[in-house]
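The values are calculated or read from the model by the stated rules, or taken from the named source; none is laboratory data. Bear in mind the structure is a predicted one, so any value in this text is a computation, not a measurement. Methodologically, a virtual Cβ is constructed for each residue, glycine included, from the backbone with ideal geometry; neighbour enumeration extends over all protein chains shown. All accessible areas refer to the heavy atoms of the entire protein, side chains included, with ligands and DNA or RNA removed. Shrake-Rupley method; radii C 1.70, N 1.55, O 1.52, S 1.80 Å.
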Amino acid sequence: MGYNFNEIEKKWQKRWRDNNTYRVTENADKKKFYVLNMFPYPSGAGLHVGHPLGYIASDIFARYKRLCGFNVLNPMGYDSYGLPAEQYAIQTGQHPAITTDQNINRYREQLDKIGFCFDWNREIRTCDPEYYHWTQWAFIKMFNHYYDNSAKCCKPIEELITKLSKEGSAGIDAACTQEVNITAEQWNAMSENEQQELLMNWRIAFLNETMVNWCPKLGTVLANDEVVDGVSERGGYPVVQKKMKQWCLRVSAYAQRMLDGLDRIDWTESLKETQRNWIGRSEGTEMLFSVKDSDVQFTIFTTRADTIFGVTFMVLAPESELVATLTTEAQKAAVEEYIDRTKKRTERERIIDRNVSGVFTGSYAINPITGEEIPVWVSDYVLSGYGTGAIMAVPAHDSRDYAFAKHFGIEIRPLIEGCDVSEESFDAKEGIMTNSPTAAFADCKLNLNGLTVKEAIATTKRYVTENKLGRVKVNYRLRDAIFSRQRYWGEPFPIFYKNGVPYPIPEKCLPLELPEVEKFLPTESGEPPLGHAKMWAWDTVNNCVTEKEKIDNETIFPLELNTMPGFAGSSAYYLRYMDPRNHNALVSKEADNYWQNVDLYVGGTEHATGHLIYSRFWNMFLFDLGVSVKEEPFQKLVNQGMIQGRSNFVYRIKDTNTFVSLNLAKNYDVTPLHVDVNIVSNDILDIEAFRTWRPEYADAEFILENDKYICGWAIEKMSKSMFNVVNPDTIVEKYGADTLRMYEMFLGPVEQSKPWDTNGIDGCHRFLRRMWNLFYDKDDNLIITDEQPTKEELKSIHKLIKKTTEDIPAFSYNTTVSAFMICANELGTLKCNKRAILENFVIVLAPFAPHICEEIWESLGHTTSVCDAQWPTFNEEYLKEDRIKYTISFNGKARFTMDFATDADKAYIESTVLADEMTKKYIEDKPIKKVIVVPKKIVNIVF
RNA sequence: GCGCCUGUGGCGAAAUUGGUAGACGCGCCAGACUUAGGAUCUGGUGUUUCGCGACGUGUAGGUUCGAGUCCUAUCAGGCGCACCA
């Protein structure tokens, strides 16, 4: 019979489920280890072979840790709110909850077949009210907190209110939307509504009228990371800038902490770099410029304070409020025309069209250092959202300013010795300053001439600060996250509106469940889909949801119609896994203290600037609240690579139904056609299967080479339309889950993207069969003996134990699989059937191929699962060799090999003797200059 | 433009601190057993040469007794950021 993987795998998957083998509970006697996969969005297409790659890798890690005696948390769940289910609902009227449920069941079925050690008792779904209770709860907490910059943590908004009522805004150093100057008297004189509106300036979850990425096609706003190259990441629809009132999260308040935190976590350098770029810290100077013949002043931000003497014009962003103030009567028409023109363009168009454009406002600013008059322009190359929306332009040392100056014929004034600005600007931050100031401003108190750029920046900063002309400022590219979506299938906001002012519903009333609607589209008046909900008003007397018709704005108020974006539910899910059924808290103190944070997080790199930013922010907020014990949620992060599809082609001779094999195709005029990879094996087409694949090929003719039809191939994205999707189920059926697991790991480094290619899978399958044959004879009788192992056998197995023990923590799985193969070959050659050796083999293989190992483990007489075995330790003694082959080289040449003692000192003596002999033998007339003994492999004798 | 990463056989890939480059698997070649082979087993397989040998880790230098590994330059590919002042 031999290795019957189908039966074995079914048996053990059932056994694991029945025995709850992978259930995990907090256990203070054991050290914890938390392994987590980025939970999937259950799409209608099901899993393809690329999805399990990361799950298998983390599963191996989890099983390894368990064998090492750790209490391992390895949960799984579903990120089940999302666009596809909603769009399907719009098209078919089917409630998204139903499709989502179906998809989840399909996912679960597929996952179960691969033999993961997930603790399904802890499963969570983001669309489950039990779960989003805590998403809403966190939102209310964010609404009720502000960020204290000096204390570097968030604080209850009540503390801010107290400060405002006692001292006004004077003593407040808090993250805010806009700088506010207000006295206590002013604050106290405000109405409730006015106060609430002003508090939005500080709340961490706040409502803000802001320029948003509006996607008309999707009918919703998008966060910055959901917009790529000016189009929506999902669907690729155009995105325009639109001013709208939206919920936002003050992520920017945590910018510095998120940046600093990167140094303390074990992520890849490239991912950290991506986040650093996204946060975009920029240290510079804010400088105050006055306007000629006016008492208006405005600030600009620059990283090149040293170039202040080279400023020949100023530029405002078209959206800047200053534009209206600074435009003179004479220029008004021109400016308005220009702004109209830029408004009409989408961001994408603005990026693509890099032609220089702009218009003069008619006003002049005064250089605060020299007193020079500088024209103020408007141009769309300056962004309103970054810095102050106004810049000082130094054409000699900034390429964008340079292009602008050239186009409009503005003076270009070089400030660095020896730089040539006749063709292009000199942007490098290096060189010696000159012309700073020029003779014309010789009496200027600031003199940078002769300094390096670095020194000049520091000197100018000091001068500006001392003379109160501005201040040192750090800017971040990271924007606050826009948190409203005009969609149905998402978490509802626990917010109602009283006199147009938002108030959270009481925490004890959570969760606020998503209401039923008749239609999933926006309402006729343009409200989000929740506008259709009948039961969508808040009764403040009974603290419950009630009919919308009852709204009286006295005790019954309208509820928020927007829902939360996709990243809301995925931001703190790892905390919920620690204590998923807790009705009183997101996570209990005990569970949180025990599990702490995720030790190993595995997922795709596409979340670098989305989920992984929001999640860190969200966790830091909860950390400030004392809810989460760790500031960083994911200690180590591994990005698994993508698995691409390997498409196959057949070549049809034009206007015929004849197909010609790959290497003969060049002789004909052919059309390449995608062919389903499932009817191709090792690039050889199954001709019969091809004829039945599609009716039009039923009577296809073939021109073969060597009696075979060879297909062409290409690496493409795995997709239905290219017929290159490989479903893990078919692999499991044909080879078994253990082979699939081994093979996915053998394919190459986990972190690397690679095409799926079934060509090598037989090798892994053969290994498992050979492994099986070490234990059983042809009639499936166990052939294990209790004999003492030989030295050679011990060496072979200890080599394997060493390799696995060192490689698994390093995530070097492909070489580990090789090591298994080598060991199995060696033991096969030695005809080893000794328990003392083979039991260890089973244990170290168990993380990779759990089913076959359980089966063997059981027939070896064990009554407990192989999961509860103990990871063997290797003994260096068995690995040592008395003598090692060394390579002898003369001046690095003329090499031959011979044995030497492993002991370095002995080897030195032996090699010296050898050198003496060599001298006599080969080079009698030349003396030996040098003998080098490198402990390990080579003895080099130099003449 | 700035930043990060990667370049090794026909293919996927190995290579501890610099120490016999190409482990392991696929594919290919030969043989064995078979009615049969897309099963199994054994041996071979970087290039070149009949052989000895020579040459080989994108390219060009450098350090070293010795470089895939370290340094410099350069080319190619991938990823991230990007009118961010």
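Annotations
- Within region A:173-190, being more than 35 Å from the chain's Cα centre (by Cα) and either surrounded by fewer than 19 Cβ atoms within 10 Å (Cβ to Cβ) or touching a residue at least 40 places away in the same chain (Cβ under 8 Å) (or both) holds for A:V180, A:N181, A:I182, A:T183, A:A184, A:E185, A:Q186, A:N188, A:A189, A:M190.
- A:I687 in contact (Cβ under 8 Å) with a residue 60 or more places away in the chain, within 16 Å of RNA strand B (Cβ to nearest atom) and either in contact with a Pro (Cβ under 9 Å, 6 or more places away or on another chain) or more than 22 Å from A:K717 (Cβ to Cβ) (or both): no
- Residues satisfying the stated conditions in region A:26-45, i.e. more than 22 Å from the chain's Cα centre (by Cα) and either in a loop (DSSP other than H, G, I, E, B) or within 30 Å of A:A97 (Cα to Cα) (or both): A:E26, A:N27, A:A28, A:D29, A:K30, A:K31, A:G44, A:A45
- Total residues in region A:747-766, condition more than 7 Å from RNA strand B (Cβ to nearest atom) and in a helix (DSSP H, G or I): 3
- Filter result (part of a strand (DSSP E or B), open to solvent by 10 Å² or more (accessible area, probe 1.4 Å) and either modelled with pLDDT of 95 or more or within 16 Å of RNA strand B (Cβ to nearest atom) (or both)) within region A:244-278: A:D266
- Verdict on A:T302 being open to solvent by 30 Å² or more (accessible area, probe 1.4 Å), near RNA strand B (Cβ under 8 Å from one of its atoms) and of a type outside the set (G, A, S): no
- Screening A:R234 with (1) outside any helix (DSSP H, G or I); (2) over 17 Å from the mean Cα position of the chain (by Cα) gives one miss only, at (2).
- Counted residues, region A:628-670 - those being part of a loop (DSSP other than H, G, I, E, B) and either in contact with a Gly (Cβ under 6 Å, 6 or more places away or on another chain) or of a type outside the set (K, R) (or both): 14
- Matching residues in region A:637-673 - criterion: being loosely packed, with under 15 Cβ neighbours inside 10 Å and within 16 Å of RNA strand B (Cβ to nearest atom): A:N663
- Any hit, region A:70-80, residues being open to solvent by less than 10 Å² (accessible area, probe 1.4 Å), assigned to a helix (DSSP H, G or I), of a type in the set (G, A, S) and in contact with a helix residue (DSSP H, G or I) (Cβ under 9 Å, 6 or more places away or on another chain): no
- Tabulated pairs, region A:699-716, first among the hydroxyl-bearing types (S, T, Y), second assigned to a loop (DSSP other than H, G, I, E, B) and surrounded by 15 or more Cβ atoms within 10 Å (Cβ to Cβ), C-beta under 6 angstrom, 6+ apart or interchain: A:Y709/A:S661
- Selected residue (only one of A:A170, A:A151 is in contact with a helix residue (DSSP H, G or I) (Cβ under 9 Å, 6 or more places away or on another chain) and without any contact (Cβ under 8 Å) to a residue 24 or more places away in the chain): A:A170
- Across region A:674-730, the qualifying residues are those that are of a type in the set (G, A, S), farther than 10 Å from A:S647 by Cα and at pLDDT below 80, and the one among them that is surrounded by the most Cβ atoms within 10 Å (Cβ to Cβ) is A:S681.
- Selection count, region A:806-822, where residues are within 10 Å of RNA strand B (Cβ to nearest atom), open to solvent by less than 10 Å² (accessible area, probe 1.4 Å) and among the hydrophobic types (A, V, I, L, M, F, W, C): 2
- Leading residue by the ranking (least open to solvent (accessible area, probe 1.4 Å)) among those in region A:731-771 that are without any contact (Cβ under 8 Å) to a residue 12 or more places away in the chain and under 22 Å from A:V844 (Cα atoms): A:D762
- The set of residues in region A:829-844 being modelled with pLDDT of 90 or more and either within 15 Å of A:Y878 (Cα to Cα) or within 13 Å of RNA strand B (Cβ to nearest atom) (or both) consists of A:A836, A:I837, A:N840.
- All conditions in (1) within 28 Å of A:G54 (Cα to Cα); (2) in a loop (DSSP other than H, G, I, E, B); (3) of a type outside the set (V, I, T) hold for A:A824, with the sole exception of (2).
- Residue in region A:394-427 that is least open to solvent (accessible area, probe 1.4 Å), counting only those that are within 11 Å of RNA strand B (Cβ to nearest atom) and free of Cβ contacts under 8 Å to residues at least 24 places away in the same chain: A:Y402
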